[in-house]
Every structure is written in C-alpha cells, then in structure tokens.
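Remarks on the structure that follows.
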Amino acid sequence: MNRNEIKVCIIRTAGTNCDAETKRACQNSGMNAEIVHINELAKNNTLLDYDLLVIPGGFSHGDYVRAGAIWAKQILAKLGRDIEKFANEERPILGICNGFQVLIEAGLLPKFNGIAPFPEAALGTNFPIGYNCRWTYLRHENKGTCVFISKIPPSRVVQIPVAHSEGRFIFKKENENEYLEKLKGNDQLVFRYCHENGKYAAGGFPENPNGSLHDIAGICDPTGTIFGLMPHPERAYFGWQLPTWTSCERMPLFGDGKIIFDSIAEYILGKI
C-alpha cells in the first residue's frame with residue numbers, strides 16, 4: 001500500500017472553516033483526502049470506508065452553548081455506532097482546535113475508560129478572556145503512545161499557531177489531581193505550552209495562551225490513536241506560513257506541522 005491509497009475523511013458542518021487547509025496538508029503528505037459533510041457521511045453510511053478521520057477547526061454551529069458541544073452531539077446522534085467502531089478498531093482520529101473541543105464534548109477524549117457518556121474534561125474560556133491568535137511553542141511530552149507524533153523526538157520543541165477563544169484545558173476541581181495523574185500515567189500528555197528554549201510556560205501568558213491546566217496543549221486517548229490539540233498544524237505545514245520566513249536567509253520548505261501529518265501517514269501504512 002502507498003500513501004496515496006490512505007483514505008482520509010475531513011468531516012465538516014455549519015461553521016467549519018479549516019477544512020480546505022487540512023485537506024491540503026493531508027494531500028501534501030501523500031494521503032488521499034476528501035471533505036465530507038456530516039449529513040452526507042451519515043446518509044451514505046461511509047465513515048468506515050476511511051482510514052483516518054479528521055475533525056478540523058472552525059466555529060461549528062457558532063460555538064453556541066459551548067465550543068464544539070452541538071457538533072459533538074450531532075456526530076454522536078448521526079454517526080454514533082460507526083464512530084464507536086472506528087475508535088474501537090483503533091483507526092486514528094485527529095481533532096484540531098474546534099475538533100479537539102468536539103472530541104472532548106463527545107467523550108472521545110481523554111477516554112480513560114472507554115467513550116464517556118459525559119465529558120470528562122473541558123476546554124473553557126481563555127484566561128485572559130478573548131480570542132487569541134498567535135504562534136506558540138509546544139514541548140513534546142509523549143513517551144511513545146501517540147501515533148500522531150512518532151516522528152517528533154522526545155522533548156523537542158515545535159512551533160505551531162493557536163486561534164481560539166475557548167482552549168483552556170481543565171478538569172473538575174474535585175477530579176483535577178486524580179485525572180492529571182491519569183494523563184501522566186497513561187502517557188496521554190502529548191504537547192505542553194512552553195518557551196522557545198523548552199522551559200514550561202507555567203501558566204504564564206502569552207506562552208500559555210489560554211490558561212490551560214499544566215500548560216496542556218494536546219492529549220491523546222490511552223491507545224494513542226485519538227489525538228486532539230488546540231494549535232493548528234495545518235497552518236504550520238509550509239515554510240512560507242512561518243512567522244519568521246521573511247527574515248530567513250533561505251526560507252525553509254516546511255514547518256513543524258508537517259511532521260504530524262507525516263507521522264500518521266506512516267502509522268497507517270504500517271498498520272494496514
């Protein structure tokens with residue numbers, strides 16, 4: 001099997017606005033990606049025809065109620081059985097920004113003991129409050145579980161931008177310590193916000209752009225095949241997207257986001 005035989009479903013709904021960029025990133029990593037509206041996917045019952053599901057960024061349904069909440073319920077109502085089978089078969093699922101919010105709201109992350117009937121975490125309003133669009137540094141925290149970052153060396157710092165109003169990763173206060181220890185023990189921590197030199201942000205703004213607990217920027221489920229992150233790797237794929245490209249003597253061909261798409265392509269090739 002070649003990379004161009006990997007079938008990627010980039011699902012969209014009302015308010016999705018990062019689907020085209022995500023498709024381009026998948027295609028430039030050699031995968032065969034298509035954008036499919038959730039209604040079409042449900043009507044034709046075709047989710048299980050794909051090797052990778054991506055829930056991209058945007059403001060699904062206007063982010064009413066909570067960011068990602070309506071789309072999560074829509075996905076569970078229309079695709080529930082297929083989503084459960086997709087996850088149980090450990091076919092990879094990637095949620096970017098609004099997609100991460102959807103995975104949390106749908107109980108697919110952190111997924112400590114299977115798909116949760118109620119959210120086990122939340123992505124709350126940024127602190128400081130407001131929409132935050134900026135480049136961030138992320139430190140690779142995973143020890144090998146997450147299949148989406150296998151090509152990133154441990155502790156490496158990558159640069160990927162965020163753009164959101166509700167990205168503050170939190171647990172209920174009464175579960176905070178217990179659940180954080182579960183994330184660490186299960187090797188579910190993937191990225192933490194940090195300084196350029198790799199020193200953790202320690203909650204400090206702007207290095208931690210939203211006030212996330214433990215500087216958490218991305219997590220995976222215990223199998224490592226479901227991954228959600230607030231930063232946008234599709235916006236850090238090419239060298240010309242980088243904030244420093246005009247000051248470079250020679251513009252790099254690619255940014256750090258490419259590594260995530262290449263990693264998942266290699267995982268799928270090795271599995272099929």
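Scanning the range 1-30 for residues that are in contact with a Lys or Arg (Cβ under 6 Å, 6 or more places away or on another chain) and of a type outside the set (D, E, K, R) yields 10, 30. Sub-7 Å Cβ pairs linking a first residue in the range 1-20 that is closer than 15 Å to residue 50 by Cβ to a second residue that is basic (Lys, Arg), at least 6 apart or interchain, are 10/23; 19/12, ordered by first then second residue. Selection of the range 200-222 for residues being in a loop (DSSP other than H, G, I, E, B), in contact with a Lys or Arg (Cβ under 9 Å, 6 or more places away or on another chain) and not hydrophobic (A, V, I, L, M, F, W, C) yields 206, 207, 208, 209, 210, 211, 212, 221, 222. Number of residues in the range 42-71 that are in contact with an Asp or Glu (Cβ under 9 Å, 6 or more places away or on another chain) and within 15 Å of residue 99 (Cα to Cα): the value is 11.
Against the test of being without any contact (Cβ under 8 Å) to a residue 24 or more places away in the chain and more than 27 Å from residue 197 (Cβ to Cβ), the options 110, 119 yield a single qualifying residue, 119.
This table checks each residue for (1) over 11 Å from the mean Cα position of the chain (by Cα); (2) within 29 Å of residue 127 (Cα to Cα); (3) at pLDDT 95 or above.
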residue	(1), (2), (3)
214	yes, yes, yes
218	no, yes, yes
234	no, yes, yes
244	yes, yes, no
253	yes, no, no
257	yes, yes, yes
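Residue count for the range 223-259, restricted to those that are out of contact with any strand residue (DSSP E or B) (no Cβ under 8 Å at 6 or more places or on another chain) and either aliphatic (A, V, I, L, M) or assigned to a loop (DSSP other than H, G, I, E, B) (or both): 8. Taken together, the residues in the range 209-222 that are crowded, with 24+ Cβ neighbours inside 10 Å, in contact with a helix residue (DSSP H, G or I) (Cβ under 9 Å, 6 or more places away or on another chain) and of a type outside the set (D, E, K, R) amount to 4.
If you check residue 192 against the conditions, is it among the charged types (D, E, K, R) and either at pLDDT below 95 or assigned to a helix (DSSP H, G or I) (or both)? No.
Quick check on residue 109: is it under 16 Å from residue 229 (Cβ atoms), part of a loop (DSSP other than H, G, I, E, B), in contact with a strand residue (DSSP E or B) (Cβ under 8 Å, 6 or more places away or on another chain) and of a type outside the set (S, T, N, Q)?
Working: under 16 Å from residue 229 (Cβ atoms): yes; part of a loop (DSSP other than H, G, I, E, B): yes; in contact with a strand residue (DSSP E or B) (Cβ under 8 Å, 6 or more places away or on another chain): yes; of a type outside the set (S, T, N, Q): yes.
Yes, satisfied.
Pairing residues of the range 51-70 that are surrounded by fewer than 24 Cβ atoms within 10 Å (Cβ to Cβ) with residues that are modelled with pLDDT under 95 and hydroxyl-bearing (Ser, Thr, Tyr), at Cβ distances under 7 Å and at least 6 apart in sequence or on separate chains, gives 70/64.
Looking at the range 60-85, which of its residues are aliphatic (A, V, I, L, M) and either out of contact with any Gly (no Cβ under 9 Å at 6 or more places or on another chain) or outside any helix (DSSP H, G or I) (or both)? Once the filter is applied, which keeps residues that are aliphatic (A, V, I, L, M) and either out of contact with any Gly (no Cβ under 9 Å at 6 or more places or on another chain) or outside any helix (DSSP H, G or I) (or both), the range 60-85 yields 65, 67, 69, 75, 77, 79, 83.
The values are calculated or read from the model by the stated rules, or taken from the named source; none is laboratory data. Just so you know, these numbers come straight off a predicted model, no measurement behind them. Here the Cβ is made from the backbone with ideal geometry for all residues, glycine too, and neighbour counts use every protein chain on show.
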